[in-house]
Amino acid sequence: MKAQGLGNSPYSSLGMGEFYGDAYSDNTGMGQSGVSTSSGFQINNLNPALWVRNRFTTLDIGLVGQYKDVVSGSKKQTNAGGNLAYVSLAFPISPRWVMGVSLKPYTFVDYSNASVREVQGTQFVGIYNTTGKGGINKASLTTSYQVTKYLSLGLESSYFFGNVRKATEVSLVDRVVLESNADFSDEAVVSLNDRTTYNDIAFRAGAALRIPIKKENKLNLNLGASYSFGTTINADRTTTFEVTSNAFNIIDPDTLDNAVGGGLKTPNQLQVGGSLEWPFKLILSADFSYQQWSKYRSFANSNDGLNDVGRINVGAEYLPRFTSLNYFDLVRYRVGFSYGKTPYTIGNRDVNDASVSLGFTFPMGRGYQNFLSVALVGGQRGYTGGGMIRERYGRIVLGVTLLERWFVKQKID
(Lines give C-alpha, C1' and ligand atoms only; values in the text may rest on other atoms or scores of the structure.)
Protein backbone atom coordinates (compact mmCIF):
# COMPACT_ATOMS: atom_id res chain seq x y z
CA MET A 1 0.00 0.00 0.00
CA LYS A 2 1.35 3.40 -0.93
CA ALA A 3 0.53 5.82 1.87
CA GLN A 4 -1.07 9.06 0.77
CA GLY A 5 -2.12 11.99 2.92
CA LEU A 6 -5.30 14.02 3.17
CA GLY A 7 -3.74 17.30 2.07
CA ASN A 8 -0.96 19.50 3.43
CA SER A 9 -0.98 19.43 7.24
CA PRO A 10 1.73 21.37 9.15
CA TYR A 11 0.99 19.36 12.30
CA SER A 12 2.00 16.13 10.55
CA SER A 13 5.65 17.21 10.91
CA LEU A 14 5.37 16.36 14.64
CA GLY A 15 5.26 12.95 16.27
CA MET A 16 4.15 10.06 14.09
CA GLY A 17 2.17 12.33 11.78
CA GLU A 18 -1.59 12.60 11.40
CA PHE A 19 -3.79 9.64 12.39
CA TYR A 20 -6.58 8.28 10.21
CA GLY A 21 -8.39 6.87 13.24
CA ASP A 22 -9.95 3.44 13.74
CA ALA A 23 -13.58 4.37 13.00
CA TYR A 24 -15.18 3.08 9.79
CA SER A 25 -17.86 4.99 7.89
CA ASP A 26 -20.80 4.12 10.16
CA ASN A 27 -19.00 5.02 13.41
CA THR A 28 -17.54 8.15 11.80
CA GLY A 29 -21.10 9.39 11.26
CA MET A 30 -21.73 8.94 15.01
CA GLY A 31 -18.92 11.28 16.04
CA GLN A 32 -16.45 8.34 15.93
CA SER A 33 -18.24 6.81 18.92
CA GLY A 34 -19.26 3.16 19.34
CA VAL A 35 -16.71 1.36 21.53
CA SER A 36 -19.59 -0.42 23.27
CA THR A 37 -22.08 -1.27 20.53
CA SER A 38 -22.39 -2.85 17.09
CA SER A 39 -25.39 -3.63 14.91
CA GLY A 40 -23.71 -6.68 13.36
CA PHE A 41 -24.48 -5.44 9.85
CA GLN A 42 -21.12 -3.66 9.50
CA ILE A 43 -17.73 -4.19 11.10
CA ASN A 44 -17.06 -2.07 14.19
CA ASN A 45 -13.29 -1.53 14.25
CA LEU A 46 -13.26 0.58 17.43
CA ASN A 47 -13.31 -2.52 19.62
CA PRO A 48 -12.02 -5.97 18.55
CA ALA A 49 -14.49 -7.62 20.95
CA LEU A 50 -17.39 -6.41 18.79
CA TRP A 51 -16.37 -8.29 15.65
CA VAL A 52 -18.17 -11.35 17.06
CA ARG A 53 -21.49 -9.56 16.44
CA ASN A 54 -21.02 -10.13 12.68
CA ARG A 55 -22.87 -13.42 12.13
CA PHE A 56 -22.36 -13.25 8.35
CA THR A 57 -19.14 -13.07 6.38
CA THR A 58 -18.71 -9.31 6.04
CA LEU A 59 -16.53 -7.36 3.62
CA ASP A 60 -16.11 -3.64 4.38
CA ILE A 61 -14.28 -1.28 2.02
CA GLY A 62 -13.93 2.44 2.63
CA LEU A 63 -12.58 5.56 0.91
CA VAL A 64 -11.81 8.88 2.59
CA GLY A 65 -11.46 12.39 1.15
CA GLN A 66 -10.78 15.71 2.83
CA TYR A 67 -10.82 19.42 2.01
CA LYS A 68 -8.92 21.73 4.33
CA ASP A 69 -8.53 25.49 4.83
CA VAL A 70 -5.30 26.38 6.70
CA VAL A 71 -4.68 29.85 8.18
CA SER A 72 -1.57 31.12 9.99
CA GLY A 73 -1.45 34.86 10.56
CA SER A 74 -1.94 36.52 7.16
CA LYS A 75 -1.09 33.34 5.25
CA LYS A 76 -3.87 31.16 3.90
CA GLN A 77 -3.93 27.88 2.01
CA THR A 78 -6.55 25.45 0.80
CA ASN A 79 -5.81 21.87 -0.19
CA ALA A 80 -7.45 18.49 -0.58
CA GLY A 81 -6.52 14.83 -0.62
CA GLY A 82 -7.91 11.33 -0.46
CA ASN A 83 -6.99 7.71 0.10
CA LEU A 84 -8.22 4.20 0.69
CA ALA A 85 -9.57 4.25 4.25
CA TYR A 86 -9.81 0.52 5.02
CA VAL A 87 -10.41 -2.98 3.71
CA SER A 88 -11.75 -5.51 6.23
CA LEU A 89 -13.10 -9.04 6.09
CA ALA A 90 -14.85 -10.73 9.04
CA PHE A 91 -15.96 -14.37 8.91
CA PRO A 92 -17.59 -16.53 11.61
CA ILE A 93 -15.74 -19.72 12.51
CA SER A 94 -18.53 -20.84 14.86
CA PRO A 95 -21.62 -19.21 16.40
CA ARG A 96 -19.39 -17.84 19.21
CA TRP A 97 -16.13 -17.18 17.36
CA VAL A 98 -15.37 -14.68 14.58
CA MET A 99 -12.04 -13.95 12.95
CA GLY A 100 -11.10 -11.17 10.57
CA VAL A 101 -8.35 -9.45 8.63
CA SER A 102 -7.95 -5.80 7.74
CA LEU A 103 -5.61 -3.42 5.97
CA LYS A 104 -5.67 0.35 6.45
CA PRO A 105 -3.43 3.41 6.55
CA TYR A 106 -2.49 4.26 10.13
CA THR A 107 -0.74 7.64 9.91
CA PHE A 108 0.35 10.04 7.18
CA VAL A 109 3.01 12.73 6.89
CA ASP A 110 2.26 15.45 4.33
CA TYR A 111 3.66 18.95 4.75
CA SER A 112 5.57 21.59 2.81
CA ASN A 113 6.87 24.81 4.36
CA ALA A 114 8.98 27.63 2.92
CA SER A 115 10.79 30.51 4.61
CA VAL A 116 13.34 33.21 3.74
CA ARG A 117 16.16 34.21 6.10
CA GLU A 118 18.79 36.91 5.88
CA VAL A 119 22.45 35.85 5.77
CA GLN A 120 24.01 38.35 8.14
CA GLY A 121 26.86 40.47 6.75
CA THR A 122 26.18 39.50 3.10
CA GLN A 123 23.90 40.51 0.24
CA PHE A 124 22.45 37.00 0.10
CA VAL A 125 19.30 35.48 1.55
CA GLY A 126 18.67 31.83 2.29
CA ILE A 127 15.52 30.19 0.94
CA TYR A 128 14.56 27.20 3.08
CA ASN A 129 12.09 24.53 1.98
CA THR A 130 11.11 21.64 4.28
CA THR A 131 8.90 18.80 3.07
CA GLY A 132 7.63 15.49 4.38
CA LYS A 133 5.78 12.66 2.66
CA GLY A 134 4.78 9.11 3.52
CA GLY A 135 3.18 7.29 6.40
CA ILE A 136 2.66 4.05 8.30
CA ASN A 137 0.15 1.35 7.34
CA LYS A 138 -1.42 -1.38 9.47
CA ALA A 139 -2.30 -4.97 8.55
CA SER A 140 -4.28 -6.73 11.29
CA LEU A 141 -5.61 -10.12 12.31
CA THR A 142 -8.56 -9.94 14.72
CA THR A 143 -10.13 -12.72 16.75
CA SER A 144 -13.32 -12.17 18.75
CA TYR A 145 -15.05 -14.63 21.05
CA GLN A 146 -18.43 -14.71 22.84
CA VAL A 147 -17.36 -15.85 26.34
CA THR A 148 -20.83 -15.77 27.91
CA LYS A 149 -24.26 -14.78 26.72
CA TYR A 150 -23.52 -11.13 27.48
CA LEU A 151 -19.69 -10.82 27.47
CA SER A 152 -17.34 -10.91 24.48
CA LEU A 153 -13.57 -10.46 24.25
CA GLY A 154 -11.31 -9.65 21.33
CA LEU A 155 -7.66 -9.30 20.36
CA GLU A 156 -6.18 -7.47 17.38
CA SER A 157 -2.62 -8.35 16.31
CA SER A 158 -1.20 -5.79 13.89
CA TYR A 159 1.86 -5.44 11.68
CA PHE A 160 2.95 -1.85 11.06
CA PHE A 161 4.94 -1.01 7.93
CA GLY A 162 5.76 2.03 5.83
CA ASN A 163 8.25 4.81 5.32
CA VAL A 164 8.52 8.58 5.72
CA ARG A 165 10.71 10.85 3.61
CA LYS A 166 11.75 14.26 4.94
CA ALA A 167 13.90 16.82 3.15
CA THR A 168 15.40 20.22 3.91
CA GLU A 169 16.59 22.29 0.96
CA VAL A 170 18.54 25.54 1.17
CA SER A 171 19.54 27.85 -1.66
CA LEU A 172 21.47 31.14 -1.47
CA VAL A 173 20.06 33.90 -3.67
CA ASP A 174 21.25 37.46 -4.21
CA ARG A 175 18.76 39.80 -2.52
CA VAL A 176 18.56 41.96 -5.67
CA VAL A 177 17.66 38.93 -7.80
CA LEU A 178 14.98 37.85 -5.32
CA GLU A 179 13.37 41.29 -5.09
CA SER A 180 13.30 41.64 -8.87
CA ASN A 181 11.38 38.34 -9.19
CA ALA A 182 14.00 37.16 -11.66
CA ASP A 183 14.49 33.45 -12.33
CA PHE A 184 16.90 31.91 -9.85
CA SER A 185 16.21 28.25 -10.59
CA ASP A 186 19.79 27.75 -11.70
CA GLU A 187 21.09 28.57 -8.22
CA ALA A 188 22.78 25.78 -6.30
CA VAL A 189 20.51 23.92 -3.85
CA VAL A 190 21.87 22.10 -0.81
CA SER A 191 19.64 19.20 0.29
CA LEU A 192 19.57 17.01 3.38
CA ASN A 193 17.27 14.01 2.90
CA ASP A 194 16.04 11.48 5.47
CA ARG A 195 14.21 8.25 4.65
CA THR A 196 12.95 6.25 7.63
CA THR A 197 11.44 2.79 7.18
CA TYR A 198 9.18 1.27 9.86
CA ASN A 199 8.08 -2.32 10.59
CA ASP A 200 6.94 -4.10 13.74
CA ILE A 201 3.96 -5.69 15.50
CA ALA A 202 1.56 -4.33 18.13
CA PHE A 203 -1.58 -5.48 19.94
CA ARG A 204 -4.99 -4.13 20.92
CA ALA A 205 -7.43 -5.87 23.26
CA GLY A 206 -11.11 -5.25 23.85
CA ALA A 207 -14.11 -6.28 25.93
CA ALA A 208 -17.83 -5.68 25.42
CA LEU A 209 -20.78 -6.32 27.73
CA ARG A 210 -24.46 -6.25 26.70
CA ILE A 211 -26.89 -6.06 29.66
CA PRO A 212 -30.63 -6.46 28.96
CA ILE A 213 -32.67 -3.81 30.80
CA LYS A 214 -36.08 -4.74 29.43
CA LYS A 215 -37.35 -8.21 28.63
CA GLU A 216 -37.62 -9.60 25.11
CA ASN A 217 -34.53 -7.66 24.04
CA LYS A 218 -36.36 -4.32 23.93
CA LEU A 219 -33.61 -2.25 25.59
CA ASN A 220 -29.94 -3.01 26.27
CA LEU A 221 -27.21 -1.26 28.21
CA ASN A 222 -23.87 -1.74 26.46
CA LEU A 223 -20.45 -1.22 28.02
CA GLY A 224 -17.16 -1.52 26.17
CA ALA A 225 -13.43 -0.89 26.47
CA SER A 226 -10.47 -1.11 24.13
CA TYR A 227 -6.79 -0.87 25.05
CA SER A 228 -3.94 -0.34 22.58
CA PHE A 229 -0.61 -1.43 24.00
CA GLY A 230 2.28 0.98 23.56
CA THR A 231 5.23 -0.47 21.69
CA THR A 232 8.52 0.44 20.06
CA ILE A 233 8.31 0.18 16.27
CA ASN A 234 11.59 -0.83 14.65
CA ALA A 235 12.99 1.78 12.28
CA ASP A 236 15.92 2.19 9.88
CA ARG A 237 17.06 5.63 8.75
CA THR A 238 19.19 6.62 5.77
CA THR A 239 20.43 10.22 5.47
CA THR A 240 21.94 11.67 2.29
CA PHE A 241 23.48 15.01 1.39
CA GLU A 242 23.60 16.48 -2.11
CA VAL A 243 24.15 19.73 -4.01
CA THR A 244 22.20 20.27 -7.23
CA SER A 245 21.55 22.93 -9.85
CA ASN A 246 18.74 22.66 -12.38
CA ALA A 247 18.07 19.17 -10.97
CA PHE A 248 21.60 18.03 -11.86
CA ASN A 249 24.13 17.02 -9.22
CA ILE A 250 27.06 19.41 -8.87
CA ILE A 251 28.80 16.90 -6.64
CA ASP A 252 28.05 13.23 -6.10
CA PRO A 253 25.47 12.58 -3.36
CA ASP A 254 26.99 11.59 -0.05
CA THR A 255 25.38 9.07 2.31
CA LEU A 256 25.84 10.34 5.85
CA ASP A 257 23.95 7.46 7.55
CA ASN A 258 23.02 4.18 5.92
CA ALA A 259 20.19 2.08 7.41
CA VAL A 260 20.96 3.14 10.97
CA GLY A 261 18.74 1.16 13.36
CA GLY A 262 16.45 2.78 15.89
CA GLY A 263 12.89 2.84 17.11
CA LEU A 264 9.69 4.83 17.42
CA LYS A 265 8.04 4.49 20.83
CA THR A 266 4.26 4.72 20.52
CA PRO A 267 1.93 5.58 23.44
CA ASN A 268 -0.77 3.31 24.82
CA GLN A 269 -4.42 4.29 24.43
CA LEU A 270 -7.52 3.51 26.48
CA GLN A 271 -11.03 3.86 25.07
CA VAL A 272 -14.16 3.29 27.17
CA GLY A 273 -17.78 3.76 26.25
CA GLY A 274 -21.40 3.12 27.07
CA SER A 275 -24.60 3.11 25.05
CA LEU A 276 -28.33 2.55 25.26
CA GLU A 277 -29.65 0.35 22.47
CA TRP A 278 -33.23 -0.16 21.38
CA PRO A 279 -32.51 -3.01 18.91
CA PHE A 280 -33.28 -2.21 15.27
CA LYS A 281 -34.52 1.24 16.32
CA LEU A 282 -32.22 3.65 18.20
CA ILE A 283 -28.69 3.76 19.64
CA LEU A 284 -27.33 6.52 21.91
CA SER A 285 -23.57 6.26 22.36
CA ALA A 286 -20.87 8.08 24.36
CA ASP A 287 -17.12 7.30 24.52
CA PHE A 288 -14.01 8.70 26.18
CA SER A 289 -10.43 8.04 25.07
CA TYR A 290 -7.09 8.84 26.69
CA GLN A 291 -3.65 8.55 25.14
CA GLN A 292 -0.28 9.12 26.83
CA TRP A 293 1.64 11.07 24.21
CA SER A 294 4.08 12.25 26.89
CA LYS A 295 5.62 8.76 26.60
CA TYR A 296 6.15 9.09 22.85
CA ARG A 297 9.75 9.02 21.62
CA SER A 298 10.89 9.66 18.07
CA PHE A 299 13.77 8.01 16.21
CA ALA A 300 16.03 10.70 17.70
CA ASN A 301 14.64 9.89 21.20
CA SER A 302 12.76 13.21 21.28
CA ASN A 303 9.24 13.73 22.62
CA ASP A 304 8.58 16.56 20.11
CA GLY A 305 6.83 18.44 22.93
CA LEU A 306 3.74 16.21 22.77
CA ASN A 307 1.27 16.00 25.68
CA ASP A 308 -1.28 13.48 26.99
CA VAL A 309 -4.71 13.92 25.43
CA GLY A 310 -8.33 13.09 26.21
CA ARG A 311 -11.31 13.11 23.88
CA ILE A 312 -15.08 12.65 24.07
CA ASN A 313 -17.21 11.21 21.26
CA VAL A 314 -21.00 11.11 21.30
CA GLY A 315 -23.46 9.98 18.67
CA ALA A 316 -26.85 8.56 17.81
CA GLU A 317 -28.18 6.16 15.18
CA TYR A 318 -31.85 5.95 14.19
CA LEU A 319 -33.61 3.33 12.07
CA PRO A 320 -37.23 4.42 11.38
CA ARG A 321 -38.84 1.00 10.88
CA PHE A 322 -36.94 -2.23 10.35
CA THR A 323 -39.95 -4.18 8.99
CA SER A 324 -41.23 -1.45 6.66
CA LEU A 325 -41.63 -1.82 2.90
CA ASN A 326 -40.80 1.87 2.47
CA TYR A 327 -37.17 2.19 1.40
CA PHE A 328 -36.37 5.31 3.43
CA ASP A 329 -37.71 3.63 6.58
CA LEU A 330 -34.82 1.17 6.15
CA VAL A 331 -32.12 3.86 5.90
CA ARG A 332 -30.09 4.34 9.09
CA TYR A 333 -29.52 7.97 10.05
CA ARG A 334 -26.65 9.16 12.28
CA VAL A 335 -25.44 12.30 13.99
CA GLY A 336 -22.40 12.87 16.19
CA PHE A 337 -20.04 15.26 17.95
CA SER A 338 -16.40 14.94 18.94
CA TYR A 339 -14.17 17.22 21.03
CA GLY A 340 -10.75 16.91 22.59
CA LYS A 341 -7.16 18.01 22.85
CA THR A 342 -4.51 17.16 20.32
CA PRO A 343 -0.97 16.33 21.47
CA TYR A 344 0.31 19.67 20.16
CA THR A 345 1.07 22.87 22.09
CA ILE A 346 1.99 26.19 20.48
CA GLY A 347 3.04 29.13 22.63
CA ASN A 348 1.81 27.38 25.79
CA ARG A 349 -1.66 27.05 24.23
CA ASP A 350 -3.28 23.68 23.64
CA VAL A 351 -4.41 22.87 20.13
CA ASN A 352 -7.99 21.59 20.46
CA ASP A 353 -10.11 19.86 17.84
CA ALA A 354 -13.92 19.86 17.55
CA SER A 355 -16.14 18.35 14.87
CA VAL A 356 -19.74 17.47 14.04
CA SER A 357 -20.86 14.65 11.77
CA LEU A 358 -23.78 13.25 9.84
CA GLY A 359 -24.10 9.73 8.51
CA PHE A 360 -26.39 7.57 6.40
CA THR A 361 -26.46 3.86 5.56
CA PHE A 362 -28.45 2.92 2.47
CA PRO A 363 -29.45 -0.72 1.94
CA MET A 364 -28.80 -2.03 -1.56
CA GLY A 365 -28.79 -5.20 -3.61
CA ARG A 366 -31.20 -8.12 -3.69
CA GLY A 367 -32.96 -8.42 -0.38
CA TYR A 368 -31.21 -5.25 0.82
CA GLN A 369 -28.48 -7.40 2.39
CA ASN A 370 -25.66 -5.04 1.34
CA PHE A 371 -25.07 -1.44 2.37
CA LEU A 372 -23.65 1.85 1.16
CA SER A 373 -22.60 4.21 3.99
CA VAL A 374 -21.73 7.90 3.84
CA ALA A 375 -20.28 9.97 6.69
CA LEU A 376 -19.82 13.75 6.49
CA VAL A 377 -17.58 15.50 9.02
CA GLY A 378 -16.91 19.21 9.51
CA GLY A 379 -14.51 20.52 12.12
CA GLN A 380 -11.87 22.96 13.28
CA ARG A 381 -8.50 22.48 14.88
CA GLY A 382 -6.42 25.23 16.46
CA TYR A 383 -6.91 29.01 16.45
CA THR A 384 -5.57 32.10 14.72
CA GLY A 385 -3.18 34.59 16.30
CA GLY A 386 -0.16 34.11 18.53
CA GLY A 387 1.68 32.00 15.98
CA MET A 388 -1.12 29.41 15.98
CA ILE A 389 -2.34 27.46 12.96
CA ARG A 390 -6.06 27.06 12.39
CA GLU A 391 -7.35 24.24 10.23
CA ARG A 392 -10.99 24.01 9.12
CA TYR A 393 -11.77 20.77 7.38
CA GLY A 394 -14.52 18.88 5.68
CA ARG A 395 -14.18 15.11 5.41
CA ILE A 396 -16.21 12.40 3.69
CA VAL A 397 -15.94 8.68 4.32
CA LEU A 398 -17.65 6.38 1.83
CA GLY A 399 -18.07 2.72 2.77
CA VAL A 400 -19.44 -0.35 1.01
CA THR A 401 -20.49 -3.43 3.01
CA LEU A 402 -21.14 -6.83 1.41
CA LEU A 403 -22.66 -9.72 3.40
CA GLU A 404 -22.51 -13.40 2.52
CA ARG A 405 -22.93 -16.78 4.23
CA TRP A 406 -19.76 -18.88 4.62
CA PHE A 407 -19.05 -22.07 6.56
CA VAL A 408 -22.78 -22.91 6.86
CA LYS A 409 -23.65 -26.62 6.75
CA GLN A 410 -26.32 -27.47 4.24
CA LYS A 411 -29.27 -29.40 5.66
CA ILE A 412 -31.57 -31.70 3.71
CA ASP A 413 -35.09 -32.10 5.10
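For the reader, a short list of remarks on this structure follows.
- Accessible area per residue was computed with a 1.4 Å probe on protein heavy atoms; Phe229 scores about 100 Å².
- Among 279-288, 123-132, sorting by the average number of other beta carbon atoms lying within 10 angstrom of each residue, highest first, gives 279-288, 123-132.
- Counting only Cα atoms, the size of the chain along its three principal axes is 90, 41, 40 Å, in decreasing order.
- Space enclosed by the convex hull of the alpha-carbon atoms of region 51-183, per residue, Å³: 170 Å³
- Residue-averaged 222 nm ellipticity for the chain, from DSSP H runs of 4+ at -39500 (n - 2.57), nearest 500: -500 deg cm²/dmol
- Hz values of 3J(HN,Hα) by residue in region 396-402 - Karplus curve (6.51, -1.76, 1.60), Gly and Pro given as x: 10, 10, 10, x, 10, 10, 10
- Our summary of shape: the Cα atoms of region 305-362 have principal axis extents of 57, 13, 11 Å, ordered from largest down, in whole angstrom.
- Evaluating kT/(6 pi eta Rh) at 20 °C and 1.002 mPa s, with the Kirkwood radius of region 242-296 over Cα pairs in the Stokes-Einstein relation, gives 125 µm² s⁻¹.
- Counting only protein chain heavy atoms and rolling a 1.4 Å probe, the accessible areas of Met16, Met364 rank, largest first, as Met364, Met16.
- Taken per residue, the accessible surface of region 34-82 reaches 35 Å², heavy atoms only and a 1.4 Å probe.
- Using θ = phi - 60° and Karplus 6.51 cos²θ - 1.76 cosθ + 1.60, couplings along region 223-232 (whole Hz; Gly, Pro as x): 10, x, 8, 9, 10, 9, 7, x, 8, 10
- Relative contact order [Cα under 8 Å, 6+ residues apart], region 207-360, whole percent: 16 percent
- Surface accessible to a 1.4 Å probe, Asp22 within the full protein complex, Å²: 30 Å²
- log10 of Debye I(q)/I(0), alpha-carbon scatterers only, for region 315-413 at 0.18 Å⁻¹: -0.90
- Take every Cα pair under 8 Å whose residues are at least 6 apart in sequence, average their separation, divide by the length of the chain, and the relative contact order is 18 percent.
- Dividing the convex hull volume of the alpha-carbon atoms in region 250-372 by its residue count gives 238 Å³ per residue.
- Cα-derived Rg over Rh, computed across region 340-388 with Rh taken as Kirkwood radius: 1.35
- Comparing region 42-83 with the 2.2 N^0.38 Å rule of thumb, its C-alpha radius of gyration ratio is 2.00 (two decimals).
- Fraction of C-alpha pairs exceeding 17 angstrom in region 1-125: 66 percent, rounded to a whole number.
- Entries in Lys104/Lys295; Lys104/Lys133; Lys104/Lys218 that, when Cα-Cα distance is taken, lie over 28 Å: Lys104/Lys218
- Using C-alpha pairs below 8 Å separated by at least 6 residues, the relative contact order for region 204-248 is 33 percent.
- Here the Debye sum runs over all C-alpha atoms of region 266-312 as equal scatterers in vacuum, and log10 of I(q)/I(0) at q = 0.13, 0.21, 0.32 Å⁻¹ comes out as -0.45, -0.72, -1.07.
- Cα centroid separation, region 301-370 to region 62-125 (Å): 18 Å
- Restricted to Cα atoms, region 13-79 shows a radius of gyration and a Dmax of 16.5, 54 angstrom.
- Shown in residue order for region 379-395 are the 3J(HN,Hα) couplings computed by the Karplus curve 6.51 cos²θ - 1.76 cosθ + 1.60 at θ = phi - 60°: x, 9, 10, x, 9, 9, x, x, x, 6, 10, 9, 10, 10, 9, x, 10 Hz (x for Gly and Pro).
- The shape of region 58-101 can be summarised by an equivalent ellipsoid whose semi-axes, obtained from the alpha carbon gyration tensor, come to 41, 10, 5 Å from longest to shortest.
The values are calculated or read from the model by the stated rules, or taken from the named source; none is laboratory data. Since we're looking at a predicted model, the values are computed, not measured. With ideal geometry, Cβ positions are generated from the backbone for all residues, glycine too; neighbour counts draw on all protein chains shown. Side chains are part of the model used for accessible areas, which takes the heavy atoms of the whole protein and leaves out ligands, DNA and RNA. Shrake-Rupley method; radii C 1.70, N 1.55, O 1.52, S 1.80 Å.
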